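**Student:** Provided herewith is a single structure, encoded as structure tokens, for subsequent inquiry.
The values are calculated or read from the model by the stated rules, or taken from the named source; none is laboratory data. These numbers come from a predicted model, not from an experiment. We place every Cβ from the backbone using ideal geometry, glycine too, and count neighbours over all the protein chains shown. We work out accessible area using only protein heavy atoms, side chains counted, and drop any ligands, DNA or RNA first. Shrake-Rupley method; radii C 1.70, N 1.55, O 1.52, S 1.80 Å.
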Amino acid sequence: MDVKMEASWKRRLAEEFEQPYAAELAAFVRKEYTDATVYPAPAHIFRAFDVCSFDAVRVVILGQDPYHGERQANGLCFAVSPGVTLPPSLKNIFKEISDESGTPPATDGDLSRWGKQGVLLLNATLTVRAHQAGSHQGKGWEQITDAAVKALSDEREGIVFMLWGNYAKQKGAHIDRTKHLVLESAHPSPFSAHSGFFGNGHFMKANEYLVSRGGQPIDWS
């Protein structure tokens, strides 16, 4: 599987890309882009890694699928490009940040500003068919993104992992909690945000942890 990816990540994931499943995944994805409308744009499939190199990661937020609506997916989980209407989950994320910080909720869904501060915004599945949630699950993406999470857990220390909802909790089950801070809660979706996402304090807790280790806080605004 020939991959254009930020060099530090490509080194860590090279063994995965050499596995037979990766070739099958590449063939499947190429055919999907030919036969159907697929998100995000091909140049943005690995954008989460491009925006935040391996050694720069300080916080990991795990999503499930890219958005499957027109113009929404941009390669960063939960994010949308400038000018795109905020999806409900992102609105709820901004509400929680506002409640924790006492500042007005953000209105710009371009979260690359977080990525540049060391926040890896990683979906488990990196592509999806338009209007068909989950359509590219079980094709191999999860093995690649599991390998990325494992590499961070094994090789780094002091990372904050935010796991929202059961899917993310399962994906983060093997993170070494003696070396990292793992924060878990309900998902920010409107269906579950009131069941434990609102009030979870994750953004404040993440910054307290980073500062306690001598680092800079994330500007979540």
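**Student:** Sort out which residues of segment 24-36 are over 20 Å from Gln143 (Cβ atoms), open to solvent by 80 Å² or more (accessible area, probe 1.4 Å) and touching a residue at least 60 places away in the same chain (Cβ under 8 Å), and write them in order of number.
**Tutor:** None - no residue of segment 24-36 is over 20 Å from Gln143 (Cβ atoms), open to solvent by 80 Å² or more (accessible area, probe 1.4 Å) and touching a residue at least 60 places away in the same chain (Cβ under 8 Å), so the list stays empty.
**Student:** Same structure, new question: Is it true that Leu183 is in a helix (DSSP H, G or I) and in contact with a Phe, Trp or Tyr (Cβ under 8 Å, 6 or more places away or on another chain)?
**Tutor:** Working: in a helix (DSSP H, G or I): no; in contact with a Phe, Trp or Tyr (Cβ under 8 Å, 6 or more places away or on another chain): yes.
It is false that Leu183 is in a helix (DSSP H, G or I) and in contact with a Phe, Trp or Tyr (Cβ under 8 Å, 6 or more places away or on another chain).
**Student:** Conditions first: (1) at pLDDT 95 or above; (2) surrounded by 11 or more Cβ atoms within 10 Å (Cβ to Cβ); (3) more than 17 Å from the chain's Cα centre (by Cα). Ile45 passes all but one, so which condition is the exception?
**Tutor:** (3)
**Student:** Spot the failing condition for Glu184; the list is (1) in contact with a Leu (Cβ under 9 Å, 6 or more places away or on another chain); (2) under 22 Å from Tyr21 (Cβ atoms), and only one is missed.
**Tutor:** That leaves (2) as the condition not met.
**Student:** Let me ask another. Which one of these is open to solvent by less than 10 Å² (accessible area, probe 1.4 Å), touching a residue at least 12 places away in the same chain (Cβ under 8 Å) and part of a helix (DSSP H, G or I): Phe197, Phe161, Phe203? Break it down into steps so the answer makes sense when it comes.
**Tutor:** Values: Phe197 fails: part of a helix (DSSP H, G or I); Phe161 fails: part of a helix (DSSP H, G or I).
So the residue among Phe197, Phe161, Phe203 that is open to solvent by less than 10 Å² (accessible area, probe 1.4 Å), touching a residue at least 12 places away in the same chain (Cβ under 8 Å) and part of a helix (DSSP H, G or I) is Phe203.
**Student:** If you don't mind, another one. Only one residue in Tyr39, Tyr21 is in contact with a His (Cβ under 7 Å, 6 or more places away or on another chain), of a type in the set (Ser, Thr, Tyr) and open to solvent by 30 Å² or more (accessible area, probe 1.4 Å). Which one? Reasoning before the result, please.
**Tutor:** Details: Tyr21 fails: in contact with a His (Cβ under 7 Å, 6 or more places away or on another chain).
Only one candidate qualifies: Tyr39.
**Student:** Give the residue that is farthest from the chain's Cα centre (by Cα), with candidates limited to residues of segment 54-77 that are among the charged types (D, E, K, R) and closer than 17 Å to Val119 by Cβ.
**Tutor:** Within segment 54-77, the subset among the charged types (D, E, K, R) is 55, 58, 65, 70-71.
Next, from what is left, pick out any that are closer than 17 Å to Val119 by Cβ: 55, 58.
Working: Asp55: 16, Arg58: 13 Å.
Restricting to residues being among the charged types (D, E, K, R) and closer than 17 Å to Val119 by Cβ, the top hit is Asp55.
**Student:** How many residues are within 21 Å of Ile93 (Cβ to Cβ) and open to solvent by 20 Å² or more (accessible area, probe 1.4 Å) when one looks only at segment 115-133?
**Tutor:** Taking segment 115-133 as the starting set, the residues that turn out to be within 21 Å of Ile93 (Cβ to Cβ) are 115-126, 128, 133.
Still in the running and open to solvent by 20 Å² or more (accessible area, probe 1.4 Å): 116-117, 133.
Here the count works out to 3.
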